[in-house]
Amino acid sequence: MAKDNLVLLVEDDSDTREVMALLLDAAGYQVLSARDAKSGIQLMDEQPQIDVIVTDVNIGGGQDGISMTEELRRRGSNAAVVVISGDPEASSDRLGPTATFLPKPYDRKALLAAIADARAKNARACAVADGGLPPYPGASH
């Protein structure tokens, strides 16, 4: 699978997850879907070339979406991150400078724009890292 088109989608609501996967597939992305943090981490372990993580904040598996992405960073992921929530407080400093927050409700255009924004932020972080340390703790670049 091409790294620049592989998305990890983590959403606990099966209907929402299915619709999002269809939207992303129609936009040309290859989608790996997970229903909770544990499944998302397992998919990332199996497919480390994932380019973008799209996650809701409120997911199951013992972690929220932000904690899951922090764990994936510690494990070495350089994937761009889009965090979705209906709670505006979720756009806190916990997201970090390279994640993009997408408030609910959103439409297809907003979702794809958020992915593009996250990928651009991530590319800038990696470009800076080329001159020094990797952009995320524990990550290799």
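The table for this structure:
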read-out	value
Residues of the range 39-76 classified as among the small types (Gly, Ala, Ser) and either open to solvent by less than 10 Å² (accessible area, probe 1.4 Å) or touching a Leu at 6+ places or on another chain (Cβ under 9 Å) (or both), total	2
Residue pairs meeting the criteria (Cβ under 7 Å; at least 6 apart or on separate chains; first farther than 16 Å from Arg17 by Cα, in the range 106-119; second open to solvent by 60 Å² or more (accessible area, probe 1.4 Å))	none
Top-ranked residue in the range 4-23 [being touching a Leu at 6+ places or on another chain (Cβ under 7 Å) and assigned to a helix (DSSP H, G or I); ranked as nearest to Pro105 (Cα to Cα)]	Met20
Matching residues in the range 10-26 - criterion: being of a type in the set (Gly, Ala, Ser) and open to solvent by less than 40 Å² (accessible area, probe 1.4 Å)	Ala21
Any chance Leu133 is in a loop (DSSP other than H, G, I, E, B), at pLDDT below 95 and over 17 Å from Asp13 (Cα atoms)	yes
Cross-chain or 6+ apart pairs with Cβ under 8 Å, the range 12-26 first and within 20 Å of Asp64 (Cβ to Cβ), then open to solvent by less than 50 Å² (accessible area, probe 1.4 Å) and of a type in the set (Gly, Ala, Ser)	Asp12/Gly60
In the range 67-114, the residues that are over 17 Å from Met44 (Cβ atoms), in a helix (DSSP H, G or I) and under 12 Å from the mean Cα position of the chain (by Cα)	Leu95, Leu111, Ala114
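Results for (1) at pLDDT 85 or above; (2) open to solvent by less than 60 Å² (accessible area, probe 1.4 Å); (3) not aliphatic (A, V, I, L, M), shown as yes or no for each residue.
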{"site": "Asp107", "(1), (2), (3)": "yes, no, yes"}
{"site": "Leu111", "(1), (2), (3)": "yes, yes, no"}
{"site": "Cys126", "(1), (2), (3)": "no, yes, yes"}
{"site": "Ala129", "(1), (2), (3)": "no, yes, no"}
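The values are calculated or read from the model by the stated rules, or taken from the named source; none is laboratory data. Everything quoted here is computed from the prediction, not taken from an experiment. Cβ atoms come from the backbone with ideal geometry, glycine included; neighbour counts cover every protein chain shown. These area figures cover heavy atoms from the full protein model, side chains too; ligands, DNA and RNA do not enter into them. Shrake-Rupley method; radii C 1.70, N 1.55, O 1.52, S 1.80 Å.
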